[in-house]
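Sharing a structure, written as structure tokens. Questions coming.
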Amino acid sequence: MMIEAINLTKRYGLRVALQGATFHAARGEILGLLGPNGAGKSTTMRILTGYMPPSSGTARVAGFDVVENSIEVRRRIGYMPESVPLYPEMTVRAYLDFVGRAKQVSRREDAVEWAMDAARVDHMADTIVGRLSKGYKQRVGLAQAIIADPEVLVLDEPTAGLDPNQIIETRALIRRLGRDRTVILSTHILPEVSMTCDRVVIVNRGQVVAEDTPSGLSQRMAGAERFAVTVRGPRDDVAATIALVPGIARVNARDEALTGDDITTYDVDAEPSSGSDLVEAVAAAVVGRGWGLREMRRQNLSLEDVFLQLTTSEPVPDDAMAVAPSEAG
């Protein structure tokens with residue numbers, strides 16, 4: 001494996017930003033770190049890149065420990081942090097040349113030209129960095145990450161601030177780069193994962209709550225099905241009654257108006273392994289109250305549904321206190 005993380009934990013005093021995170025990534029694989037803001041994604045990346053050490057646990061890149069062999073790890077990694085460290089007074093070309101010298105890149109002039117072309121900033125080569133839009137600054141940040149042609153790319157929110165065309169181009173570039181190297185990218189944008197990544201690690205409140213392919217996650221959560229129920233009856237009472245059925249995780253009443261008095265459709269999420277008779281139990285609960293059951297139909301869970309299931313219902317240890325965004329991004 002190119003990247004191995006085993007029980008990574010990061011504490012700031014009594015506060016826990018990352019707790020027992022374990023995952024891996026192979027060469028030629030694009031791994032997405034998916035989670036809400038403050039979940040611990042940026043903390044994980046900072047540990048993997050040698051930016052800061054873990055409180056406990058181990059991480060290896062290309063077989064090198066990120067703490068004991070930090071220099072060897074950094075030689076193999078291209079890192080694009082969430083806030084790219086640019087020098088606003090330099091031109092794009094001069095900045096990338098400086099980065100190339102700092103990284104001891106051979107054939108530096110060719111490397112600069114390749115990185116600018118790959119990141120689609122070659123036409124801005126002689127522009128002062130400080131005059132670039134946020135989107136172009138993101139592209140320059142990507143160019144500095146790839147200039148040394150690293151074995152591993154670590155990208156923190158790589159499409160933040162880009163317009164739709166730039167996002168499409170950046171995703172295509174990431175997929176090309178991922179053919180013969182390992183790419184880890186963090187995001188809280190679900191389409192980013194499904195369109196770019198081979199596998200996804202979902203992080204919530206500092207803990208890894210799932211690791212699989214996007215399609216695999218949906219299959220694993222097959223037991224946590226969703227179905228739609230249309231009922232004639234008092235909206236709040238119907239929702240409360242369905243929610244009391246054992247095995248129901250949540251009930252959401254749709255906002256759209258339906259013809260007829262007191263007719264509402266409810267999206268009902270079941271807990272994993274809740275059993276095949278749950279639909280019958282919901283139907284019995286509704287009919288038992290004398291309400292009109294108009295329709296019931298199963299719905300396929302999307303990646304978004306799986307993400308919401310995993311990041312809104314997972315238990316969190318008592319010591320996993322909320323951490324400041326700067327510490328647990």
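The values are calculated or read from the model by the stated rules, or taken from the named source; none is laboratory data. These numbers were taken from a predicted model, which means no experiment stands behind them. Neighbour counts run over all protein chains shown; Cβ positions are idealised from the backbone, glycine included.
State whether the residues of region 88-111 include one that is of a type in the set (Gly, Ala, Ser) and in contact with a Leu (Cβ under 7 Å, 6 or more places away or on another chain). It would help to see each step written out before you state the result.
Kept after step one, since they are of a type in the set (Gly, Ala, Ser), are these residues of region 88-111: 94, 100, 102, 106, 111.
Right, trim to in contact with a Leu (Cβ under 7 Å, 6 or more places away or on another chain) and you get none.
Looking for residues that are of a type in the set (Gly, Ala, Ser) and in contact with a Leu (Cβ under 7 Å, 6 or more places away or on another chain), one finds none in region 88-111, hence no.
All but one of (1) of a type outside the set (Asp, Glu); (2) assigned to a helix (DSSP H, G or I); (3) in contact with a helix residue (DSSP H, G or I) (Cβ under 6 Å, 6 or more places away or on another chain); (4) farther than 23 Å from residue 199 by Cα hold for residue 174; state the number of the condition that does not hold.
(4)
Only one residue in 152, 105, 140, 201 is buried (at least 19 other Cβ atoms within 10 Å of the Cβ), touching a Phe, Trp or Tyr at 6+ places or on another chain (Cβ under 6 Å) and not aromatic (Phe, Trp, Tyr), so which one is that? Can you show your working first?
Working: 152 fails: touching a Phe, Trp or Tyr at 6+ places or on another chain (Cβ under 6 Å); 105 fails: touching a Phe, Trp or Tyr at 6+ places or on another chain (Cβ under 6 Å); 140 fails: touching a Phe, Trp or Tyr at 6+ places or on another chain (Cβ under 6 Å).
Checking each option against the conditions leaves just 201.
Has region 130-153 got any residue that is among the hydroxyl-bearing types (Ser, Thr, Tyr), assigned to a loop (DSSP other than H, G, I, E, B), more than 27 Å from residue 48 (Cβ to Cβ) and out of contact with any helix residue (DSSP H, G or I) (no Cβ under 6 Å at 6 or more places or on another chain)? Break it down stepwise before answering.
Within region 130-153, the subset among the hydroxyl-bearing types (Ser, Thr, Tyr) is 133, 136.
If we keep only those that are assigned to a loop (DSSP other than H, G, I, E, B) too, we end up with 133.
From what's left, more than 27 Å from residue 48 (Cβ to Cβ): 133.
Narrowing the set further to residues that are out of contact with any helix residue (DSSP H, G or I) (no Cβ under 6 Å at 6 or more places or on another chain) leaves 133.
Scanning region 130-153, I find at least one residue that is among the hydroxyl-bearing types (Ser, Thr, Tyr), assigned to a loop (DSSP other than H, G, I, E, B), more than 27 Å from residue 48 (Cβ to Cβ) and out of contact with any helix residue (DSSP H, G or I) (no Cβ under 6 Å at 6 or more places or on another chain), so the answer is yes.
While we're looking at this one, here's another question. Which of the helices (runs of 4 or more DSSP H) found entirely inside region 186-267 contain at least 1 residues meeting this: modelled with pLDDT of 90 or more and of a type outside the set (Val, Ile, Thr)? Even if it seems obvious, please write down each step before you answer.
Values: elements: 190-196, 214-220, 235-243.
In region 186-267, 235-243 are the helices (runs of 4 or more DSSP H) which contain 1 or more residues that are modelled with pLDDT of 90 or more and of a type outside the set (Val, Ile, Thr).
Something else now. Determine whether residue 126 is at pLDDT 95 or above, surrounded by 14 or more Cβ atoms within 10 Å (Cβ to Cβ) and not small (Gly, Ala, Ser). I'd like the intermediate steps shown before the answer.
Working: at pLDDT 95 or above: yes; surrounded by 14 or more Cβ atoms within 10 Å (Cβ to Cβ): no; not small (Gly, Ala, Ser): yes.
The answer is no for residue 126.
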